[in-house]
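> I have a structure I would like to understand better, so I am pasting it below and will then ask my questions one at a time.
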Amino acid sequence: MEAYNALHALMKGPLPSLFFCIGDPVVGNPTQHMVEYAFRTMGFPGRYLTSRVTKEELAPALWGLRALAFAGGNVTAPHKQTVLQYLDELSESALLCKAVNTIVRRSDGTYYGDNTDGKGFLQSLKDRNLPVKDKKIVILGSGGAASAIATELVLAKAKEVVLVNRTEDRSRSIAKRLAGIRATILTVDRWEGSYSIPSDADIVVQATSVGLFSPAACVDVTFPKRNKPLIACDVVFNPVQTLFLQRSEEAGCTTVDGLGMLVNQGILGIEQWTGNTPDSEGMRDALEEAFGV
Ligand code: NDP
């Protein structure tokens, strides 16, 4: 792609495409840095802005973004669920998890919502040649990230997904929502005291927020002796090497960090916005640079 000249575009057109990240809070969210890196290195004429939008201001903010013809953007907490009602069309993933993290403006001016969190997680496993089809996967947590991951695991025909959460009702509601979509067995396990990871599990995903910004915090789990390999993944991306991943490694697991998921969910959005695939290594470096600030 030809290098983008912002001044030339301003004076002669066409003006750059505009993208947004909205949530509350948004300070500390590194997405803009990662996306701007991608746009720059792809020579893509896009500008990306991060803006705090409160719950009360979500509706007018979205009408404003529509009026200004923003080409798309990202949605983060607390708007991932409430944003659905303002969109014209939803992807299968967004419909199934009832949450959107990526918005794309179509050529007819309508807005399409997708959820790339779970797909980004699956891609981080694919990048390591770790298949999920026909596997038994335990998910610790049943919030937004866990729901998005469970959805994609079902769509990817995992054999069994076990949901484990301290608030069991949230696990039950995900299991109910995803039941019957594919042949995947959905089960809910109790989490009382220390949770013992089943010895026949192939993959365990730490999808709670425990450990985020807290290098000394870890979910209360034990890794019983086993005679088959276990892959341990964490969705927490800061710190990258969480205590859960350290303990998993000590228990002999292959580990997958949350930074890969973060990069891949971003790539899936950028592909929809630009039609091209950005450089994932550089995006990962950009995130690590942001976390170092
Ligand atoms: P939610 O608030 O929706 O869910 C939080 C989950 O963590 C719930 O299951 C909650 O359990 C559980 N939890 C919180 N504290 C504890 C605790 N002390 N002990 C046990 N469980 C606990 O958050 P999200 O699902 O949106 O986010 C979860 C994590 O995933 C965050 O760290 C976020 O940064 C990360 N994330 C990473 C992404 C990536 O690309 N790598 C993408 C999206 C999110 P309960 O229901 O009982 O409260």
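> For region 192-210, which residues satisfy the criterion of being within 15 Å of the ligand (Cβ to nearest atom), without any contact (Cβ under 8 Å) to a residue 40 or more places away in the chain and farther than 16 Å from residue 247 by Cα?
192, 193
> Residues of region 7-49 being without any contact (Cβ under 8 Å) to a residue 24 or more places away in the chain and surrounded by fewer than 14 Cβ atoms within 10 Å (Cβ to Cβ), which ones?
Matches in region 7-49: 7, 8, 10, 11, 12, 13, 15, 28.
> Answer yes if at least one residue in region 178-197 is open to solvent by 40 Å² or more (accessible area, probe 1.4 Å) and part of a helix (DSSP H, G or I), and no otherwise.
The initial filter retains those residues of region 178-197 that are open to solvent by 40 Å² or more (accessible area, probe 1.4 Å), namely 179-183, 185, 187, 189-194, 196.
Imposing the further condition that a residue be part of a helix (DSSP H, G or I) reduces the set to none.
Within region 178-197, not a single residue is open to solvent by 40 Å² or more (accessible area, probe 1.4 Å) and part of a helix (DSSP H, G or I).
> Within region 67-89, can you find the residues that are among the aliphatic types (A, V, I, L, M) and open to solvent by 40 Å² or more (accessible area, probe 1.4 Å)?
67, 68, 69, 77
> Go through region 213-224 and give me each residue that's within 9 Å of the ligand (Cβ to nearest atom) and modelled with pLDDT under 95.
Once the filter is applied, which keeps residues that are within 9 Å of the ligand (Cβ to nearest atom) and modelled with pLDDT under 95, region 213-224 yields only 213.
> Please name all residue pairs, on different chains or six or more residues apart, with Cβ atoms under 9 Å, provided the first residue is in region 130-157 and is at pLDDT below 95 and the second residue is among the acidic types (Asp, Glu) and open to solvent by less than 30 Å² (accessible area, probe 1.4 Å).
Sorted first by the residue in region 130-157, then by its partner, the pairs are 144/117.
> What pairs can you find where one residue is in region 166-177 and more than 16 Å from residue 209 (Cβ to Cβ) and open to solvent by less than 60 Å² (accessible area, probe 1.4 Å), the other is among the basic types (Lys, Arg) and part of a loop (DSSP other than H, G, I, E, B), and their Cβ atoms are less than 7 Å apart, with a gap of 6+ or different chains?
Close Cβ pairs (under 7 Å, with a partner that is among the basic types (Lys, Arg) and part of a loop (DSSP other than H, G, I, E, B)) amount to 168/190.
> Continuing with the same structure: For region 230-260, enumerate the residues that are over 14 Å from residue 202 (Cβ atoms), open to solvent by less than 10 Å² (accessible area, probe 1.4 Å) and of a type in the set (A, V, I, L, M).
236, 245, 259
> Just to confirm my filter: which helices (runs of 4 or more DSSP H) fall fully inside region 211-293 and include at least 2 residues that are farther than 19 Å from residue 32 by Cα and touching a residue at least 24 places away in the same chain (Cβ under 8 Å)?
So the answer is 243-250.
> Have a look at 271, 281, 288 and point out the one that is surrounded by fewer than 19 Cβ atoms within 10 Å (Cβ to Cβ), acidic (Asp, Glu) and touching a helix residue (DSSP H, G or I) at 6+ places or on another chain (Cβ under 8 Å).
288
> What do you reckon, is residue 102 surrounded by fewer than 22 Cβ atoms within 10 Å (Cβ to Cβ), at pLDDT 95 or above and within 14 Å of the chain's Cα centre (by Cα)? Reasoning before the result, please.
Values: surrounded by fewer than 22 Cβ atoms within 10 Å (Cβ to Cβ): no; at pLDDT 95 or above: yes; within 14 Å of the chain's Cα centre (by Cα): yes.
Spelling it out, it is not the case that residue 102 is surrounded by fewer than 22 Cβ atoms within 10 Å (Cβ to Cβ), at pLDDT 95 or above and within 14 Å of the chain's Cα centre (by Cα).
> Name the single residue that is farthest from residue 256 (Cα to Cα) among those in region 98-113 being within 14 Å of the ligand (Cβ to nearest atom) and in contact with a Leu (Cβ under 9 Å, 6 or more places away or on another chain). Explain how you work it out, then say what you get.
Start the filter on region 98-113 by keeping residues that are within 14 Å of the ligand (Cβ to nearest atom), which leaves 98-102.
After this cut, where a residue has to be in contact with a Leu (Cβ under 9 Å, 6 or more places away or on another chain) as well, the list is 98-100, 102.
Working: 98: 26, 99: 24, 100: 24, 102: 23 Å.
My answer is 98.
The values are calculated or read from the model by the stated rules, or taken from the named source; none is laboratory data. Worth saying up front: this structure is predicted, and the values here are computed from it rather than measured. Cβ sites come from the backbone with ideal geometry, for glycine too, and all protein chains shown count toward neighbours. Surface accessibility is based on the protein's heavy atoms, side chains included, excluding ligands, DNA and RNA. Shrake-Rupley method; radii C 1.70, N 1.55, O 1.52, S 1.80 Å.
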